[in-house]
């Protein structure tokens, strides 16, 4: 079966292939493009990690459950992101359940043996993966720290800023087709705190309507958020502003 | 200058060299062993990442400050741990300040160009580093999730259990020469919550006296902690019990 490639969402346009053009030629035959509808399960927690997943379009939530029944959202992935890195390691299992959020999620999957073989023979690819993992450690640590250093509305603002990353100023409309309670859980807030935070961002020109978020002035939002962050001056969001 | 190697704390006994015996021969001449007293600064946030650090003995706190003056403890490293992975990447800076905690901290430092050259030519080493970074992502995500799924005393219990990792049951005495407010900050608690959590662990046979912590019954502590954790069944702490 040949991958089902749409012109606008070709896997080759994903940052992983963009930064390793030769990789695409090596893996193209093995890559599978898959489509998911809202709430479709992609992989389950503890399943054998059979592939590395690249998000081409839409949103994916990564979640887990504790034995005593609490569910937590540990990740939200969108266009350009990667999940399922457990596939890079032999005999590993996915450490979370992944589900599609929103109407249309399009993913490319590179089978585990294929990506492992490439990583083994391509030093620049393994450097890329190490650097990606290292960034991910940094982001998780930062999120942990922001629970103590930032207000809830600053944390919501930081999440929105990260989605504007390629745009340094001016206004922007984001499309976030994720249920509010999931987004609140991801940001470590109760739903009522999340609603209050939305209200608190209004005077800064952040208006939410359905799954659309209008940001009137990215610079003003950055000013509100970044003063309380220890990455201030070295995060991608700020790099974009330079 | 030849490294100052103590018999009992030879860098070669660190897990990194233990799992890559050939690596030691390649880097031994370049490795520097350094000693630090309590509160000595090891590296500063934003310094050029000039080396990868291995903890041979003692404790190291990793911290950051926000522009508006809040300090957060983002990591605590002890014997067998590694920090300063930024040194694996060209032109990177340390994303935190590292300071010694307790009377005697002994570290081995592998200069950045030396470890980078080894990683570039040794696929098994770069796999080890990827796997270490991937574990670290998992641990940070787990910590984030535990803020929502566990009580403060369960989080303190989980921290203690991880320090017992090589011992599956019975009793144990841990030596944790870290100020309580630092430990509380690392666990995301106010100092008074930390004190209350210590009290709540007493009926489980956890007794704190100065910088010593006596754990009467590791299995009982595990039972108290792990039922509220989504890694239950797949974490090192539990592996030890199998």
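Once every DSSP H run of n ≥ 4 in chain A is given -39500 (n - 2.57) and the sum is divided by its residues, what mean residue ellipticity at 222 nm do you get, rounded to the nearest 500 deg cm²/dmol?
Working: 9 runs with 91 residues, N = 242.
The helix-only estimate for chain A comes to -11000 deg cm²/dmol at 222 nm.
Using only Cα atoms, find the angle between the long axis of helix A:112-121 and the longest principal axis of chain A, and express it within 0 to 90 degrees, rounded to the nearest 10.
90 degrees
Relative to the longest principal axis of chain A, what angle (0 to 90°, nearest 10) does the C-alpha long axis of helix A:152-163 take?
50 degrees
If a/c stays under 1.5 just call it rounded; otherwise compare a/b with b/c (prolate if a/b is bigger, oblate if not). Do that for the stretch A:89-180, with a ≥ b ≥ c from the square roots of the Cα gyration tensor eigenvalues. Don't jump to the answer; show the numbers that get you there.
Numbers: a/c = 1.90, a/b = 1.62, b/c = 1.17.
Because a/c hits 1.5 or more and a/b exceeds b/c, the stretch A:89-180 counts as prolate.
Taking a label point 7 Å out from Cα toward Cβ, give me the nm distances from residue A:90 to the same spot in the other copies, shortest first, one decimal.
List, nearest first: 3.2 nm.
Using the basic label-point model (7 angstrom from Cα toward the beta carbon), what is the residue B:22 to residue A:195 distance in nanometres?
Here the answer is 6.2 nm between the modelled labels.
Please compute, for peptide B:147-159, the average count of beta-carbon atoms on other protein chains lying within 10 Å of each residue's beta-carbon.
Whole-number average of other-chain Cβ neighbours for B:147-159 is 2.
What order do you get for A:235, B:158 when you list them from fewest to most C-beta neighbours inside 10 Å?
Values: A:235 19, B:158 24.
By the 10 Å Cβ count, ascending, the order reads A:235, B:158.
Most fluctuating residue of A:58, A:170, A:102 in a GNM of chain A with Cα springs under 10 Å: which is it?
Judging by the Gaussian network model, the answer is A:170.
Rounding to the nearest 10 and keeping the result within 0 to 90°, find how far the Cα-based axis of helix A:191-201 lies from the longest principal axis of chain A.
Orientation of helix A:191-201: about 60 degrees from the principal axis.
Can you give me the C-alpha center-to-center distance between the stretch A:14-31 and the stretch A:116-142, rounded to a whole angstrom?
15 Å
Name the residue, out of B:172, B:121, B:212, whose mean-square fluctuation peaks in a Gaussian network model built on chain B with Cα pairs under 10 Å.
Among B:172, B:121, B:212, the largest GNM mean-square fluctuation belongs to B:121.
Just tell me how shielded A:117-126 is by partners: mean number of partner chain Cβ atoms within 10 Å of each residue's Cβ, no decimals.
On the way: counts 0, 0, 4, 4, 1, 0, 5, 1, 0, 7.
Going residue by residue through A:117-126 and averaging, the value is 2.
Considering only the label points, 7 Å along Cα→Cβ from Cα, what distances in nm to one decimal separate residue B:180 from the same position in each other copy, shortest first?
Those separations, rounded to one decimal, come out as 4.1 nm.
Would you mind getting me the FRET efficiency between residue A:10 and residue A:48? Use the beta-carbon distance for r and R0 = 25 Å, nearest 0.05. Please report the intermediate quantities before stating the final value.
Working: r = 28 Å, r/R0 = 1.12.
Step by step, r from the Cβ atoms, then E = 0.35.
Rg and Dmax of the stretch A:1-117 over Cα atoms: what are they, in angstrom?
Final numbers for Rg and Dmax: 14.1, 47 Å.
Quick one: among B:117, B:184, B:49, which has the greatest mean-square fluctuation in a GNM of chain B with alpha-carbon springs under 10 angstrom?
B:117
Please arrange A:41, A:155 by how many other C-beta atoms lie within 10 Å of their C-beta, fewest to most.
Numbers: A:41 10, A:155 23.
Ranked by crowding around the Cβ, least crowded first: A:41, A:155.
Restricting attention to the alpha-carbon atoms of the protein assembly as shown, what are Rg (one decimal) and Dmax (integer), both in Å?
Radius of gyration, then largest Cα-Cα span, for the protein assembly as shown: 22.8, 66 Å.
Taking the Cβ of each residue in B:197, B:46 as the centre, tally the other Cβ atoms inside 10 Å and list the residues starting with the fewest. Spell out each step's value before the answer.
Details: B:197 20, B:46 14.
Lowest to highest Cβ neighbour count: B:46, B:197.
With label points built 7 Å along Cα→Cβ from the Cα atoms of residue A:124 and residue A:167, find their separation and express it in nm.
In this crude label model, residue A:124 to residue A:167 measures out at 3.2 nm.
With the crude spin-label approximation of a point 7 Å out along Cα→Cβ, what separation in nm comes out for residue A:103 versus residue A:214?
Inter-label distance under the simple model: 2.0 nm.
What relative contact order, as a whole-number percentage, does chain A give when Cα pairs under 8 Å and 6 or more residues apart are counted?
Working: 401 pairs, mean separation 44.2, N = 242.
Relative contact order comes out at 18 percent.
Taking the Cα centre of each part, how many Å lie between the stretch A:73-105 and the stretch B:167-210?
35 Å
Find every distance from the label point of residue A:169 to the corresponding label point in the other copies (7 Å from Cα along Cα→Cβ) and write them in nm, one decimal, shortest first.
Result, one decimal in nm: 6.7.
No value in this document is a laboratory result; all are computed from the given coordinates. Remember, it's a predicted structure, so these values are computed and weren't measured experimentally. For neighbour counting, all protein chains shown are included, and Cβ atoms are generated from backbone atoms with ideal geometry for every residue, glycine included.
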